[in-house]
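Data first, discussion second: the structure below is written as structure tokens.
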Amino acid sequence: GKPIFISIGDVEKLSTFLNANDFIPRDQMFVDDYTFNAYRAAGFGRFDQLDREDVKDFKMTAPEIGGFRGWLNYFGVVSKVSPIPKDMKFGEVPEGVLWVGGTFVIKGDEVLYQWSDKVPGNHPDIREFVNIAKAAAA
């Protein structure tokens with residue numbers, strides 16, 4: 001198998017993202033529309049609706065994206081790919097930015113590993129995830 005990535009957005013935002021990240025194969029990246037049905041089906045939710053007790057010890061930090069140049073590139077693309085519908089009115093909070101995703105390892109019909117992010121920046125132990133994925137691919 002190979003990794004599959006799913007995000008929130010539309011075809012135009014997906015194309016913009018893939019053009020800025022040409023190392024990601026186009027056949028491995030998909031978008032859920034603004035109904036969030038794929039995210040709901042996967043059991044994901046919105047971080048503003050989680051129990052605060054579950055995330056009280058989590059500290060959100062800025063990612064390392066390559067220094068000043070990395071941040072310039074990031075800000076040049078982020079507004080074009082953010083999950084904000086075209087009919088959004090000024091001052092409204094776009095629901096798409098409130099959803100958090102997760103990570104799965106699936107082999108056939110069996111879910112071998114599942115992680116649901118609690119807040120943006122929360123992610124699984126990468127070594128654990130990679131080891132499970134490698135074992136599944138063997």
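Could you say which residue among Phe30, Phe36, Phe58, Phe17 is among the hydrophobic types (A, V, I, L, M, F, W, C) and out of contact with any helix residue (DSSP H, G or I) (no Cβ under 8 Å at 6 or more places or on another chain)? Give the derivation first.
Working: Phe30 fails: out of contact with any helix residue (DSSP H, G or I) (no Cβ under 8 Å at 6 or more places or on another chain); Phe36 fails: out of contact with any helix residue (DSSP H, G or I) (no Cβ under 8 Å at 6 or more places or on another chain); Phe17 fails: out of contact with any helix residue (DSSP H, G or I) (no Cβ under 8 Å at 6 or more places or on another chain).
Selected residue: Phe58, the only one of Phe30, Phe36, Phe58, Phe17 that is among the hydrophobic types (A, V, I, L, M, F, W, C) and out of contact with any helix residue (DSSP H, G or I) (no Cβ under 8 Å at 6 or more places or on another chain).
Scan Leu50, Leu112, Leu98 and give me the residue that is hydrophobic (A, V, I, L, M, F, W, C), touching a helix residue (DSSP H, G or I) at 6+ places or on another chain (Cβ under 6 Å) and closer than 24 Å to Phe129 by Cα. Talk me through it step by step, then tell me what you get.
Values: Leu50 fails: touching a helix residue (DSSP H, G or I) at 6+ places or on another chain (Cβ under 6 Å); Leu98 fails: closer than 24 Å to Phe129 by Cα.
Leu112 is the lone residue from the list that is hydrophobic (A, V, I, L, M, F, W, C), touching a helix residue (DSSP H, G or I) at 6+ places or on another chain (Cβ under 6 Å) and closer than 24 Å to Phe129 by Cα.
Please determine whether any residue of region 86-94 is hydrophobic (A, V, I, L, M, F, W, C), in contact with a Pro (Cβ under 8 Å, 6 or more places away or on another chain) and in a helix (DSSP H, G or I). Show your work before the answer.
At the first step, the residues of region 86-94 found to be hydrophobic (A, V, I, L, M, F, W, C) are 88, 90, 93.
With the extra rule that they be in contact with a Pro (Cβ under 8 Å, 6 or more places away or on another chain), the set shrinks to 88.
Going one step further and asking which of them are in a helix (DSSP H, G or I), we end up with none.
No - not one qualifying residue is present in region 86-94.
Within region 58-106, restricting attention to residues that are open to solvent by 70 Å² or more (accessible area, probe 1.4 Å) and among the acidic types (Asp, Glu), which residue is farthest from His123 (Cα to Cα)?
Here the answer is Asp87.
Spot the failing condition for Pro83; the list is (1) within 14 Å of the chain's Cα centre (by Cα); (2) in a helix (DSSP H, G or I), and only one is missed.
So the condition that Pro83 fails would be (2).
Restricting to region 118-137, give me the number of residues that are open to solvent by less than 40 Å² (accessible area, probe 1.4 Å), closer than 15 Å to Gly45 by Cα and not β-branched (Val, Ile, Thr).
Within region 118-137, residues that are open to solvent by less than 40 Å² (accessible area, probe 1.4 Å), closer than 15 Å to Gly45 by Cα and not β-branched (Val, Ile, Thr) number 1.
From the set of residues in region 1-55 that are in a loop (DSSP other than H, G, I, E, B) and of a type in the set (Asp, Glu), which is most open to solvent (accessible area, probe 1.4 Å)? Steps first, please.
So in region 1-55, the residues in a loop (DSSP other than H, G, I, E, B) come out as 1-4, 9-10, 21-25, 33-36, 42-45, 50-51.
Applying the additional criterion that residues be of a type in the set (Asp, Glu) yields 10, 22, 33, 51.
On the way: Asp10: 38, Asp22: 131, Asp33: 77, Asp51: 90 Å².
For region 1-55, the residue satisfying everything is Asp22.
The values are calculated or read from the model by the stated rules, or taken from the named source; none is laboratory data. These numbers were taken from a predicted model, which means no experiment stands behind them. Here the Cβ is made from the backbone with ideal geometry for all residues, glycine too, and neighbour counts use every protein chain on show. Please note that ligands, DNA and RNA were not included when accessible areas were found on the heavy atoms of the full protein model with its side chains. Shrake-Rupley method; radii C 1.70, N 1.55, O 1.52, S 1.80 Å.
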